[in-house]
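Okay, structure first, notes after.
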Amino acid sequence: MGSANAVQNASLGEVIVRRINDLAAISEEGDKLTRIYLTKELREAADLILGWMREAGMSARLDAIGNVCGRYEGDRPGAPCLMLGSHYDTVRDAGKWDGPLGVITAISCIADLNRRGRRLPFAIEVVGFADEEGVRFASTLLGSRAVAGTFDESVLSTRDRDGVSMRDALVQFGLDPDHIGAAARARRELLAYLELHIEQGPVLEAQNLPVGVVTAIAGATRLAARLTGMAGHAGTVPMELRRDALAGAAECIGAIEQFCRTDEGGLVGTVGYIQARPGATNVIPGEVSFTIDMRAPTDMHRKRAVADIVRRIEAIAERRQLALQLDVTHQNRTAPCAPWLKEQIAQAIEAEGFSVFELPSGAGHDGMAMIDIADVGMIFVRCRGGISHHPDEHVELADADAGARVLLRLIENFQTRESRATAS
């Protein structure tokens, strides 16, 4: 009873921060936060979140892919829902806010409604997606793709670094891999999907704002490049006769950076991995592999940029007499946030006394999958230094509280797309 009273008397932000810390204590590594899909740590986290959902007045369950799902009925049972969500898995050596902030904030908002006995003309569902990061089986958004009905069953045969297949891991977790389709929801069941998330960037901090309206989740194209030249002795091959694959790769990387730096439309490009062979100090590199990650707020912009970068790399390879292999390894389309949801988010932010600021998301989110069955909206919360996927990831209590107040106001004043269209 004392614990329940403490929660009731605390601010939304205080409860959220306390629960963020409680969840962060569940990790496979004592000194680092690591909570990977279908592990015993994820199950322990799921049980904790399910308990919070039930405390908040929701019915709660684990679905067929491992998502934690809570439902708070509206003023009439069985009504379509406003779905709120984010993920509760992490990367390795993670920060504690990425994902859980959205899940815990949504639960806290429902708890506030329940304490006041407030029921709305629609149901509210909170989903903690079990795998957004894609760490274990190298395939992202598994939880939200299952809910959206776009789960690729070929992933079930993928094995983790210990040789365990996803199919076997699901069974060990207590789930049936042959019933993943049962997690899928129909478009008619959802009024919209809303996600609150840390920004994972420095823009809101630079604007001195606690929250922002997300305009779109940027699409991404990833490529694997391999340049092949001729290995040779570092002391005997004249510079003008060399076919140095690493020097060629360096020119390509410089070209990518320069191209993106001069773009004014939000394009970003990253070479995050490079390997030179044979990798000896006194040998000219004969082969180099590297990756390219290109993101932009619109698909048209990204596709044009990728095509331009490919042409530049091809020209560098030809001029340096290097063989080039370039393969697309990943492609996600841009997920634009629905204007009618952005308007309501902006209204809630303004009503809470903050300036409205719009910004795109360069990172991927579950909304990229959920857009297949619902219109999507996102609220960003400021994070210190823009640091994410790192133990230093941090959100101030005041900002956690601001995000929760905005989300709660949005929920209580939510209008469906149809009702807004009728009103206008």
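The values are calculated or read from the model by the stated rules, or taken from the named source; none is laboratory data. From a predicted model like this one, the values you see are computed outputs, not experimental measurements. Positions of Cβ are generated from backbone atoms using ideal geometry, with glycine treated the same way; all protein chains shown enter the neighbour counts. Note: areas computed on protein heavy atoms with side chains; ligands, DNA, RNA excluded. Shrake-Rupley method; radii C 1.70, N 1.55, O 1.52, S 1.80 Å.
Observations on the structure shown:
- For the chain, the longest principal axis of the C-alpha atoms and the axis of helix 100-115 are separated by about 10°.
- Annotation note: trypsin sites (Lys or Arg not before Pro) in segment 114-196 located in DSSP loop regions with a Cβ neighbour count of at most 14 within 10 Å are Arg116, Arg118, Arg161.
- Taking a straight Cα-Cα cut-off under 17 Å and skipping sequence neighbours fewer than 8 places away in the same chain, the lysines within cross-link reach of Lys96 are Lys32.
- Between 0 and 90°, nearest 10: helix 299-319 axis offset from the chain longest Cα axis: 20 degrees
- Overall, the accessible surface of the chain at a probe of 1.4 angstrom is composed of carbon and sulfur to the extent of 48 percent.
- Global geometry of the chain, whether rounded, prolate or oblate, following the gyration tensor of its Cα atoms and the 1.5 cut on a/c: prolate
- Mean residue ellipticity (222 nm) of the chain, computed from DSSP H runs ≥ 4 via -39,500 (n - 2.57), nearest 500: -11000 deg cm²/dmol
- Positive contributions from Lys and Arg (+1) and negative ones from Asp and Glu (-1), summed over other residues with Cβ under 12 Å from the Cβ of Gln258, come out at -2.
- Qualifying chymotrypsin sites (Phe, Trp or Tyr not before Pro) for segment 244-309 [loop in DSSP, other Cβ within 10 Å: at most 12]: Tyr273
- Annotation for segment 28-75 versus segment 161-228: alpha-carbon center distance of 16 Å.
- Efficiency of FRET from Cβ geometry, Arg187 and Arg420, R₀ 25 Å, rounded to 0.05: 0.90
- Rounded to the nearest 10 degrees, the angle from helix 12-24 to the longest Cα principal axis of the chain is 50 degrees.
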